[in-house]
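The values are calculated or read from the model by the stated rules, or taken from the named source; none is laboratory data. Just so it is clear, the structure is predicted and the values come from calculations on it, not from any experiment. Here the Cβ is made from the backbone with ideal geometry for all residues, glycine too, and neighbour counts use every protein chain on show. Areas reflect the complete protein model, heavy atoms only, side chains present, ligands, DNA and RNA absent. Shrake-Rupley method; radii C 1.70, N 1.55, O 1.52, S 1.80 Å.
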Amino acid sequence: MLLKEKKEIEAWLNQYKITDYELIEDQEYGYVVNVNENVNLNKRKLTNIKVKFNKVNGYFSCNNNKLKTLEGCPEIVKGDFSCGYNDLISLKGCPKIIYGNFCCQNNQLTSLKGCPEIIKGNFLLARNELTSLRYCPKKIDGDFSCSYNQLKTLKYSPKIIKGGYYCNNNQLTSLKDCP
């Protein structure tokens, strides 16, 4: 559950050493947070993110926690967004736009529903439980890795990948639909 009171939000941000931020009043969330620096929430034993981030002008990393949801994550990340090594089964709450790399490997993702519309860097989703690439962005400006999943087909693969394409260690019987 997201915190809505200004003092509670400030205390949570302070606890995780997030200092260069602005709180913006919001009818739905009470307040949303814009951050002018990197947000590092790695290895904090978090089961949820308690504030609603809006925009982060650096990277946003919440690796190695116990997150089951991305609720509270920013809408826009100007750097990398990394949520690997959690217990995520869905990308619901994921940023809409990531100007850097998107790393969501080593989770329990079964669907890409909620995937960002724009990823300007690499898209790394290896070691999940994906059986389909449905909802994958059409264009990746960097590498795309869907290795070590349970894919039987490459249907719904991005149409344009400017970097490498890695799909090894799946259950593929064909490379049909590979870009």
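A few notes on this one:
- ³J(HN,Hα), Karplus 6.51/-1.76/1.60, whole Hz, each residue of the range 64-78, x for Gly, Pro: 6, 10, 10, 5, 9, 9, 9, 4, x, 5, x, 7, 10, 10, 6
- Here the 3J(HN,Hα) profile of the range 79-95, calculated from phi with Karplus coefficients 6.51, -1.76 and 1.60 at θ = phi - 60°, is x, 7, 10, 10, 9, x, 6, 10, 10, 5, 10, 8, 9, 4, x, 5, x Hz, Gly and Pro shown as x.
- Area accessible to solvent at E22, 1.4 Å probe radius, in Å²: 100 Å²
- Carbon + sulfur, % of accessible area of the chain - ligands and nucleic acids excluded, 1.4 Å: 46 percent
- Exposure of S174 as accessible area (Å², to 10), given a probe of 1.4 Å and all protein chains: 60 Å²
- Distance from the range 47-63 to the range 87-111 (C-alpha centre basis), Å: 12 Å
- Heavy-atom accessible surface of D143, to the nearest 10 Å², is about 50 Å², with a 1.4 Å probe and all protein chains retained.
- Taking other residues whose beta carbon is less than 14 angstrom from the beta carbon of K155, and scoring Lys, Arg as +1 and Asp, Glu as -1, yields +4.
- Two-site label geometry, E71 and N168: point separation in nm, points 7 Å out along Cα→Cβ: 3.9 nm
- Vicinal HN-Hα couplings computed from phi for the range 163-178 (Karplus, 6.51 cos²θ - 1.76 cosθ + 1.60; Hz; Gly/Pro x): x, x, 10, 10, 9, 5, 6, 10, 10, 6, 10, 7, 9, 3, 6, 6
- Extension gain (nm, one decimal) between K139 and K4, 0.36 nm per residue minus Cα-Cα: 45.0 nm
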